[in-house]
Amino acid sequence: MLFKKARKRDSKAFSEIMTSYQDQLYKTAWRYLREEQDALDAVQEVSYRAFKNIHKVKQPEYVKTWLIRIMINYCLDEIRRKKRTVPVADVYEDLKEEDQDATTKLDIENHLQKLNGNYQLIIVLKYYHQYTLTEIAESLDMPLGTVKTRLNRALERLREQMAEGSESDAGYRKEVK
Amino acid sequence: MQDIEKKLSEITDEVDHMNVPDQLNQYIWQGMDRGKRELRRKRRFLYSSIAAVAAILIFFSSIRLSPAFAAACVNNIPGMDYIVSLIQGDRGLEAAINNNFMQKLNLTQTKNGMTFTIDSMVADQNQMILFYTIHRKDLSTDSHFKNEEITNVKGESVAGSMEFDYSNDVKGKKTIHDRITVTFNEKQLTNPLNYSMNLAGAKWDFTIPFNIDQYKKMKKVYPVNQTVSMDGQKMTFDKVTVYPTRVAIDVKFDPNNTKQITRFEDLRLVDGNGNTWASINNGIISSNISDNEWIVYLQSNYFSNPKSLYLKLNSARAINKNERKVVVDLNKKKILEGPTDGRLTLSNVMKQKNGLFIDFAFKQQKIDQEHGNEYSLFNWSFKDATGENYSFQSFGTSFENTKGQTLHQILQLPVKNYKSPLTFTIDDYPTRIHGTISIKLK
C-alpha cells in the first residue's frame, strides 16, 4: 500500500520508504566517496532521482536494490568527475599531495569500484547490505543459479585485478578541438 | 578466493558499525522537494505538448490534471522521458517542442549488431538537434561514433560545430539515448541534408528531410546598435536574432579596451513579467569570430510573445590584456610570466610516451567553485622559444581536494623537441568586472 502511494509520488509515502533506506544509502555512498558531506549530497541526489523515476519500479521488492544501484552509478560518476586527470594515475601517485580530508579507500574497494556494474552490484548487495543469495535473486529477478555464477565470477575478477596490482583505468574525458 | 571473501566480510562489519550523521534525513527530503518542483514544471510541459497532438485544446488548457491521468498520458508518448532529460532544462527547446516544432523522423538502420535510430529533430536555420537511440546487441561494442558529417546536396559540410555525449552513463547499457547538436556554418542549407558517421566498423548514411523554406521564415531580429561599458570596458551590441531553438547575440568589443573580456556570466533576456532566458546548460556559449567579435547564444524565447523584452548583463570575466601570456620554463618547471594575482602556478611538467603533460594549478575562490567546470584557461595554440606555433590536443581537469579549491588543468602536448620556454595564451580567467547593463529590445 505504501509502495503504491509512493509510486504516485505521495510525499508522505515516498519519504517513509526513502527514510527506511537512508542509512543503507548513506553508508554505500560513504564507502565510495569517503567524505561525509559528499555522501550526504549523494543521498540527496539519489532521493531526487528516485522521486522522479519511481514510476519505473514495478514491485516493492525491487525498490531497495534499485536505489542501491542508482547510488552506485551516481558515486562512480562523481569519482570520475573529480578525478579527470589526463596522465596515468600511478605516475602521479607520489607527486600529488595526500588528500588530507578524505579517508583513504581500502585497496580492495578501489578494485571493486572498477568492476563491471553488474558484478559490482552483486558484491555490494551481498557484502555491504548482507543480502542472501535468494534475496539477490528475487530483487534482480534472476534465477538463483545465475546469481551464484555471477558472484563467483565477480570474486574471481576481483582476485585477478588485485593480483595485477596496478590501477589501470584512465577514466578521463578528452576535450578535442 | 577465501582471503578476498574475508576482506569483504571485514567491510560488512565496518558498514554495520558505521555511524550516520544526524542531518541525514534532511537530505532525503531535500532531494524529494527538488523532484517535486521539477515534476510540477515537467507536468506543465508534457501536458501542453499532448494538447498539441490531441487538439482538445479547451480541456487541456488548464494546467492541473489528476496525477492518474497524467501518468496515463506520459505512458502513451514513447521516448518523451529521455528527450526531456536530454534537453536539460532548456526552456527554449521545451517551448519549441510544446509548439509542435519537433519533427518525428524515425530513421533507423542496423549494421553489425548495432541499431541506430534518429528518432526526432528540432531544427531551424541556426542549428539542428537530433535525438537518437542506439541499441547494441553486444555491450563490448563501442557506442561512440566518429567522422560525423552533415552535408548539403552539393556535398559541402554545413556543420560549423557539433556537440555530443549529453548522456553520461553508457557503460553496461544496451540501449542508449542521446543527442547531437549541430551549429550551422555559412554554407547553403538544402532539403534534404545528409548525416553520415562511422560506428561499429561501418559507415552509416542518413537522409534528413530539412524544411529550409519554412525555417527561413522563422526568425525575429531586434536591431540594437548600442555601445555600453562595464568597468570602463566598452562593448557594442549589434543585434539580437531570435531563432526557434536559440537566440544569437552579436557583440563587438572595443579594441582599445585594456581588458579582454573572456565570458559573460549572466547575460540574459528578461521580459516584463520577470521571465528569464539565460545561457544554455552544457551547450555552446558562444562562437567567437575573434577576440573582439562574438556571437553569444541564449535559450530561445521565440514562442513567447512578450510585450516588453530587455537584454541584461551584470557580470563578466575579464583579464588584463597584458597579462594573457603565460610563459613556462620547461626545465625549471616554473612560470616566468603570467597573471599578476599569483593564483596560477605550475604544478608539474611530465614527459611521457603519449605526450608532454603540463599541469597548471589554479587557486579558486568560493565564487569560482560554482563556475568550476566552465572555463578552460588556455587557448589551444602555443609557441615555443623559436616562435614556432603548435597546438595541444586535449586537456584534463581535476581538483586537488574534495572542496575543489585548487583546480588543475593538465594540458597534453604532442611530444616534440620544444625549445623552452613555451608561451601559452589565456582564453578565460576568473577575474570579474561588473556593471548594470539593460538594453530595451521591445
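Structure values in brief
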| read-out | value |
| --- | --- |
| Peptide-level mean, for B:354-362, of C-beta atoms on other protein chains within 10 Å | 2 |
| Cross-link reach list, lysines versus B:Lys154, counting only Cα pairs under 29 Å and skipping chain neighbours closer than eight places | A:Lys177, B:Lys104, B:Lys111, B:Lys146, B:Lys187, B:Lys203, B:Lys216, B:Lys217, B:Lys219, B:Lys220 |
| Accessible surface, 1.4 Å probe, highest first, among residues A:His55, B:His135 | B:His135, A:His55 |
| Most mobile of B:Gly92, B:Gly35, B:Gly355 in a GNM of chain B (Cα contacts under 10 Å) | B:Gly35 |
| Long pairs among B:Lys353/B:Lys383; B:Lys173/B:Lys353; B:Lys171/B:Lys366; B:Lys366/B:Lys440; B:Lys252/B:Lys366; A:Lys56/B:Lys174, criterion Cα-Cα beyond 24 Å | B:Lys173/B:Lys353; B:Lys171/B:Lys366; B:Lys366/B:Lys440; B:Lys252/B:Lys366 |
| Summed buried accessible surface, chains A and B, 1.4 Å probe, nearest 100 Å² | 5700 Å² |
| Calculated FRET efficiency for the pair B:Ser420/B:Lys36, C-beta based, R₀ 56 Å, to 0.05 | 0.45 |
| Förster radius 25 Å - calculated FRET efficiency between A:Thr19 and A:Thr134 (Cβ-Cβ, nearest 0.05) | 0.45 |
| Average Cα contact separation per residue, chain B, under 8 Å, 6 or more apart, as relative contact order % | 11 percent |
| Test item: A:45-57 mean partner chain Cβ contacts at 10 Å | 5 |
| GNM result for chain B, Cα springs below 10 Å: residue of B:Asn106, B:Asn273, B:Asn301 fluctuating most strongly | B:Asn273 |
| Order of exposure, largest accessible area first, which applies to A:Arg49, A:Arg31 with probe 1.4 Å | A:Arg49, A:Arg31 |
| Relative contact order %, region B:284-372, counting alpha carbon pairs below 8 Å whose residues are six or more apart | 13 percent |
| Hypothetical label at B:Val221: residues of region B:124-139 whose amide nitrogen lies under 17 Å (7 Å Cα-Cβ projection) | B:125-127 |
| Accessible solvent surface per residue of chain B, calculated while the other protein chains remain in place, 1.4 angstrom probe, Å² | 48 Å² |
| Cβ-based charge dipole, region B:260-331, positive-most Cα from B:Ser308, B:Leu269, B:Trp294 | B:Ser308 |
| Selection of chymotrypsin sites (Phe, Trp or Tyr not before Pro), region B:158-239, meeting DSSP coil and at most 16 other Cβ within 10 Å | B:Phe164 |
| Residue (of B:Met197, B:Val221, B:His177) at the positive-pole extreme of region B:138-250, dipole from beta-carbon charges | B:Val221 |
| Accessible surface ranking that places the most exposed of B:Asp90, A:Asp107, B:Asp81 first, with a 1.4 angstrom probe | A:Asp107, B:Asp81, B:Asp90 |
| Inter-chain shielding of A:153-162 (mean C-beta neighbours from other protein chains, 10 Å cut-off) | 2 |
| Mean Kyte hydropathy of -1.0 or more with a Cα span along the axis of at least 27 Å, helices from DSSP in chain B | B:24-54 |
| Within-11-Å neighbourhood charge of B:Glu388 [Cβ basis; K, R +1; D, E -1] | +2 |
| Solvent-accessible area of A:Thr134 with every protein chain in place, 1.4 Å probe, in Å² to the nearest 10 | 70 Å² |
| Exposure of B:Glu265 as accessible area (Å², to 10), given a probe of 1.4 Å and all protein chains | 40 Å² |
| Estimated FRET transfer efficiency when R0 is 51 angstrom, pair B:Glu388-B:Asp16 (beta carbons, to 0.05) | 0.25 |
| A:Arg81 accessible area, assembled protein chains, probe 1.4 Å, Å² | 80 Å² |
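The values are calculated or read from the model by the stated rules, or taken from the named source; none is laboratory data. Just so it is clear, the model here is predicted, and its values are computed rather than measured. A quick note on method: Cβ atoms are made from the backbone with ideal geometry, for glycine too, and the neighbour counts reach across all protein chains shown. The accessibility values were calculated without ligands, DNA or RNA, using every heavy atom of the protein model including side chains. Shrake-Rupley method; radii C 1.70, N 1.55, O 1.52, S 1.80 Å.
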